[in-house]
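Accompanying notes for the structure given below.
The values are calculated or read from the model by the stated rules, or taken from the named source; none is laboratory data. Quantities reported herein were computed from a predicted structural model and do not represent experimental measurements. Neighbour counts are summed over all protein chains in view; Cβ atoms, including those assigned to glycine, are modelled from backbone coordinates with ideal geometry.
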Amino acid sequence: MAEQMLSDITEGCRLPVLRRNQQNEEEWPLAEILGIKEQNGRKQYYVHYVDFNKRLDEWVMYERLNVRRMQIPRKDAKTPTKNGSGSCSRPGSPDREMVVCPRPFLHNPSSQNGGSRRPLVSTVGRKRKALSMPMDEDSQDSSDSVPAVPLPRQTGSLVCDKSHDDIVTRMKNIECIELGRHRLKPWYFSPYPQELTSLPVLYLCEFCLKYFKSLKCLQRHMHKCSLRHPPGNEIYRKNHISFFEIDGRKNKEKESTEDYNVACILTLPPYQRKGYGTLLIEFSYELSKVEIKTGTPEKPLSDLGLLSYRSYWSQTILEILIDLKSENGDRPQVTINEISEMTSIKKEDVISTLQHLSLINYYKGQYILNLSQEIIEGHQKAMAKRELRIDSKCLHFSPKDWSKRGKW
């Protein structure tokens, strides 16, 4: 019976898998089997927890699987076809048809359910700071019969659609990398040559990022590598923080037609939770301010990227709203366009942030922003933890005039 059940577990199956959350509590979230291998005579299963970030994917043993609630892909499922976006639906995708397959209960899990969502915090009865927001010309509604004017909605998702991941890139393929004095476990697939994926450790030069299969190869390279800082010109320095401007003709995109002010940000694991990610985001908007334009990150964002940007947008916008002064005893007023101009945050991102914070209401022909005391106190605590900030006086950056790019 056990051998039969083992053979029934195939790639694409879904079933609850035992894992521990951040509070070290056992939970059984639904997971999808992406790969199977045999090591030391025992099978291991590579699982992706559905609706969780891919960095939590891992190899697990059979004992952690709840095969009683296993879902097996239908054999008569439709063959992969092109969808509207031009990509193919593939085996193991979230849209694949599944059928529940009841199995004998082999072990006694303490909990069959995943983590529950936290309820939204109610602000009823809290003191609120009211702000009136006159409508911008391009957000007015011409219909008098509509009692409320909706804000412009986002076109498309802010978050990356995981359903378009390539089947090859869905599994982590590098066990460990050594970068400088740190050893890191990669969270995602790494596009290194196939022959290097079986190594216990991959060695990287911390200056030029070349990769080597052994420590001796890296040491020989270090005698030849002449880089001791990132390529390009230093345009910002304060204390131990420096930023470098790279020539786009040599290293990356030169300009963006979509008004992106950053394509990608990365903070390596040893330096996470220290404020560097938010500092990178703040720096990108400081460059936009120098260029006298609004900017936005390249979309769609990853789930972690969206969390970081939402945090920065919220703190920056709340900082402006809380500091607004009233004139002649009236409620302070500000438009979305004014917020966008002051922060260099694109108007669409300002709107999505206000909607995410549930701050905006429509009352008697105008938008009203209600800041509860709870939101104000939460903002003050968040800003107190944000020790790293960009000092615009230390920025030495001259924007290029792309209208004259033919002369370069």
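Could you tell me whether segment 245-254 includes any residue that is under 22 Å from the mean Cα position of the chain (by Cα), outside any strand (DSSP E or B) and within 23 Å of Ser392 (Cα to Cα)?
The answer is no, given that none of the residues of segment 245-254 is under 22 Å from the mean Cα position of the chain (by Cα), outside any strand (DSSP E or B) and within 23 Å of Ser392 (Cα to Cα).
When Leu354 is evaluated against the numbered criteria (1) part of a helix (DSSP H, G or I); (2) among the aliphatic types (A, V, I, L, M); (3) more than 23 Å from Lys289 (Cα to Cα), which criterion, by number, is the only one it fails?
Among (1) part of a helix (DSSP H, G or I); (2) among the aliphatic types (A, V, I, L, M); (3) more than 23 Å from Lys289 (Cα to Cα), Leu354 violates only (3).
Checking the conditions here, which among Glu374, Glu327, Glu338, Glu319 is surrounded by fewer than 18 Cβ atoms within 10 Å (Cβ to Cβ) and touching a Lys or Arg at 6+ places or on another chain (Cβ under 9 Å)?
Answer to the check: Glu374.
For residues in segment 11-36 being basic (Lys, Arg) and in contact (Cβ under 8 Å) with a residue 24 or more places away in the chain, which is surrounded by the most Cβ atoms within 10 Å (Cβ to Cβ)? I'd like the intermediate steps shown before the answer.
We begin by selecting, within segment 11-36, every residue basic (Lys, Arg); these are 14, 19-20.
Filter once more, so that each one left must be in contact (Cβ under 8 Å) with a residue 24 or more places away in the chain: 14, 19.
On the way: Arg14: 22, Arg19: 19.
Checked segment 11-36; the qualifying residue surrounded by the most Cβ atoms within 10 Å (Cβ to Cβ) is Arg14.
Being in a strand (DSSP E or B) and of a type in the set (S, T, N, Q) is the filter here, so list the residues in segment 287-308 that pass it. Talk me through it step by step, then tell me what you get.
The initial filter retains those residues of segment 287-308 that are in a strand (DSSP E or B), namely 295-297, 301.
Within segment 287-308, just Thr296 meets the criteria.
Counting just the residues of segment 32-77 that are of a type in the set (D, E, K, R), assigned to a strand (DSSP E or B) and closer than 30 Å to Leu301 by Cβ, which one comes out modelled with the lowest pLDDT?
So, considering only residues that are of a type in the set (D, E, K, R), assigned to a strand (DSSP E or B) and closer than 30 Å to Leu301 by Cβ, the one modelled with the lowest pLDDT is Glu58.
Identify, by number, the condition in (1) assigned to a helix (DSSP H, G or I); (2) in contact with a strand residue (DSSP E or B) (Cβ under 9 Å, 6 or more places away or on another chain) that Glu338 doesn't meet.
Going through (1) assigned to a helix (DSSP H, G or I); (2) in contact with a strand residue (DSSP E or B) (Cβ under 9 Å, 6 or more places away or on another chain) one by one, Glu338 breaks only (2).
Taking segment 257-275 as the search range and keeping residues that are free of Cβ contacts under 8 Å to residues at least 24 places away in the same chain and part of a loop (DSSP other than H, G, I, E, B), which one is nearest to Asp349 (Cα to Cα)?
Filtering first and then ranking leaves Thr257.
Output the number of the condition that Asn370 fails; it satisfies all remaining conditions of (1) in a strand (DSSP E or B); (2) under 30 Å from Glu234 (Cβ atoms); (3) of a type outside the set (Phe, Trp, Tyr).
Result: Asn370 passes all but (2).
Which of (1) within 23 Å of the chain's Cα centre (by Cα); (2) modelled with pLDDT of 90 or more does Leu321 not meet, given it meets every other one?
(1)
Quick check on my filter: what residues within segment 289-302 are of a type in the set (D, E, K, R) and surrounded by fewer than 16 Cβ atoms within 10 Å (Cβ to Cβ)?
Answer for segment 289-302, where residues must be of a type in the set (D, E, K, R) and surrounded by fewer than 16 Cβ atoms within 10 Å (Cβ to Cβ): Glu291, Lys293, Glu298.
Only one of these is under 30 Å from Ser242 (Cα atoms), hydrophobic (A, V, I, L, M, F, W, C) and touching a Ser or Thr at 6+ places or on another chain (Cβ under 7 Å): Ile317, Ile339, Ile390. Name it.
Numbers: Ile339 fails: touching a Ser or Thr at 6+ places or on another chain (Cβ under 7 Å); Ile390 fails: touching a Ser or Thr at 6+ places or on another chain (Cβ under 7 Å).
Answer to the selection: Ile317.
So how many residues does segment 336-352 have that are among the polar types (S, T, N, Q), touching a Phe, Trp or Tyr at 6+ places or on another chain (Cβ under 9 Å) and at pLDDT below 95?
Residues in segment 336-352 being among the polar types (S, T, N, Q), touching a Phe, Trp or Tyr at 6+ places or on another chain (Cβ under 9 Å) and at pLDDT below 95: 1 in total.
Just need a number here: residues in segment 380-394 that are exposed (fewer than 10 other Cβ atoms within 10 Å of the Cβ) and either in a loop (DSSP other than H, G, I, E, B) or outside the structural domain of Thr343 (by TED's automatic domain parsing) (or both).
Matching residues across segment 380-394 total 1.
Please indicate, with yes or no, whether at least one residue in segment 214-235 is at pLDDT 95 or above and in contact with a helix residue (DSSP H, G or I) (Cβ under 7 Å, 6 or more places away or on another chain).
There is no residue in segment 214-235 that is at pLDDT 95 or above and in contact with a helix residue (DSSP H, G or I) (Cβ under 7 Å, 6 or more places away or on another chain).
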